[in-house]
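Read-outs throughout are calculated quantities, based only on the coordinates presented, and are distinct from any laboratory measurement. This one's a predicted model, so the numbers in the text were calculated from it and none came from an experiment. Methodologically, a virtual Cβ is constructed for each residue, glycine included, from the backbone with ideal geometry; neighbour enumeration extends over all protein chains shown.
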Amino acid sequence: MSIRKAIYDRQAIRDYAAQKVESRDLDEILDAGQAAPVGMGEYTKYHLTLLTDTDIISRIESDNVSTPYYGAPAVIIVSAQKDGAFVGTLESVSAGAIVENMALTATDLGLANCVIMGALGPLSKDTQLLADMKIPQNFVPVISLAVGYPNEKQATPEKRRHAIETNKI
Ligand SMILES: Cc1cc2nc3c(=O)[nH]c(=O)nc-3n(C[C@H](O)[C@H](O)[C@H](O)COP(=O)(O)O)c2cc1C
């Protein structure tokens, strides 16, 4: 698949089948995250956590999240190092670049996916769950990607289906 086809085919999928994702596909997705640009090239400020343990995914969801993982059998969490109490803008934007690389690679591999932030708010305060997920201390989840197979075949989205206002000078 060309990079442009993956860009236009990617769409948020919010209903997953229980079918597991092959670990080699998940490794490819993680590798694509490693290839992303991050601010100042400081890769030690980021951490990736692959979750295929559905008990852990359910525990994140049961923390009263605003949006769940929709039954996805795999979730990748991108965490970033805190600067004081918070993650800085540079780190948040960089985490976005990492997750987009992974989303496009999942699409390229024929896997449904959805970038998800809503599940992470309560998680960042659940120190027991963060420890069980082996997220390093002083790191906090910033963004995540649900990955799996869709419950129903999805229509390919129309090219340029969103309208971000643009000006040219
Ligand atoms: C930073 C970010 C956070 C998002 N958080 C969620 C979320 O918590 N739950 C969800 O269902 N979708 C989430 N999305 C997916 C967006 O809602 C979706 O990408 C957008 O509506 C456009 O649709 P499309 O991805 O199909 O093009 C998020 C996307 C981004 C980039």
Review point. In whole Hz, what ³J(HN,Hα) sequence does segment 149-162 give by Karplus (6.51, -1.76, 1.60; θ = phi - 60°), x for Gly and Pro?
Key: 10, x, 5, 10, 4, 9, 6, 5, x, 6, 4, 6, 8, 10
Practice item. With springs connecting C-alpha atoms under 10 Å apart, model the chain as a Gaussian network and identify which of Gln81, Gln154, Gln11 has the largest mean-square fluctuation. Key: Gln154
Review point. Listing Val142, Val38 from the residue with the fewest other Cβ atoms within 10 Å to the one with the most, what is the order?
Key: Val38, Val142
Review point. What is the local net charge at Glu91, summed over the other residues whose Cβ is closer than 14 Å to its Cβ (Lys, Arg +1; Asp, Glu -1)?
Key: 0
Review point. What ranking of Phe86, Phe139 emerges when the number of other C-beta atoms within 10 Å of each C-beta is taken as an exposure proxy, fewest first?
Key: Phe86, Phe139
Revision key, fill the gap. Under 14 Å by backbone N from the virtual spin label 7 Å along Cα-to-Cβ at Lys20, the residues of segment 28-55 are 51-55
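Could you tally the net charge around Pro157, taking each other residue with its Cβ under 11 Å from the Cβ of Pro157, Lys/Arg +1 and Asp/Glu -1?
Numbers: positive: Arg10, Lys159, Arg160, Arg161; negative: Asp9, Glu158.
So the environment of Pro157 carries a net charge of +2.
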Exercise for review: Any chance you could check the Cα centroid distance between segment 143-164 and segment 21-39 for me, in angstrom?
Suggested key: 18 Å
Study note, to complete from the structure: Extension length gain for Thr156 and Lys125 (0.36 nm per residue less Cα distance), in nm, is 7.4 nm
Practice item. Would you kindly state the longest site-free stretch of the chain, with sites defined as trypsin sites (Lys or Arg not before Pro) in a DSSP loop (not H, G, I, E, B) surrounded by at most 12 other Cβ atoms within 10 Å? Key: 1-133
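Just flag the GluC sites (Glu not before Pro) in segment 80-156 sitting in loop per DSSP whose Cβ has no more than 14 other Cβ atoms within 10 Å.
Glu152
I need His162, His47 ordered by Cβ neighbour count within 10 Å, fewest first. Walk me through the numbers on the way to the answer.
On the way: His162 6, His47 19.
Taking fewest neighbouring Cβ atoms as first place, the list is His162, His47.
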Check your understanding: Rg to Rh for the chain: what is it, with Cα atoms only and Rh by Kirkwood?
Key -> 0.97
